[in-house]
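Working notes for the structure below.
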Amino acid sequence: MKTIIVSTFLAAASLGASAMDYNIDWHSENSAKNELTRAEVKADYLQAKAAGKVPITEFQNRQADRLMMQAPSTLTRKQVRQEIATYRGQIFFDTHGH
């Protein structure tokens, strides 16, 4: 008896899921109307982003910062040490008022 009830329930649940129209082929209709190339779309996006017209979230800011920190450095050790010394000097002067 349990098997019949469970199988009936599963059949009823699957009928509802299969009746949904998910509009899977939406991209084929839109891509036929689109006259821009991928490169043009990318260029437009980068231009809008540089102009500040593309809103980004705090999460996206943190993610971009993290990716920048993970990028391989092109500086030599000497250059890094010079930057650290410069920043330490700025912090010292900022905190002690010199």
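The values are calculated or read from the model by the stated rules, or taken from the named source; none is laboratory data. For clarity, every value in this text was computed on a predicted model and none was experimentally measured.
Within the bounds of segment 66-83, is there any residue that is β-branched (V, I, T) and at pLDDT 85 or above? Spell out how you get there, then give the answer.
The first filter runs over segment 66-83 and keeps only residues β-branched (V, I, T), leaving 74, 76, 80.
Checking which are at pLDDT 85 or above leaves us with 76, 80.
Looking for residues that are β-branched (V, I, T) and at pLDDT 85 or above, one finds at least one in segment 66-83, hence yes.
Looking at N34, N23, which is the one that is on the phi < 0 side of the Ramachandran plot and modelled with pLDDT under 85? Outline the logic, then answer.
Values: N23 fails: on the phi < 0 side of the Ramachandran plot.
Among N34, N23, only N34 is on the phi < 0 side of the Ramachandran plot and modelled with pLDDT under 85.
So how many residues does segment 49-67 have that are outside any loop (DSSP other than H, G, I, E, B) and not acidic (D, E)? Walk me through it before giving the result.
First pass over segment 49-67, keeping only residues outside any loop (DSSP other than H, G, I, E, B): 49-50, 58-67.
Retained after the next criterion (residues that are not acidic (D, E)): 49-50, 59-64, 66-67.
Of the residues in segment 49-67, 10 are outside any loop (DSSP other than H, G, I, E, B) and not acidic (D, E).
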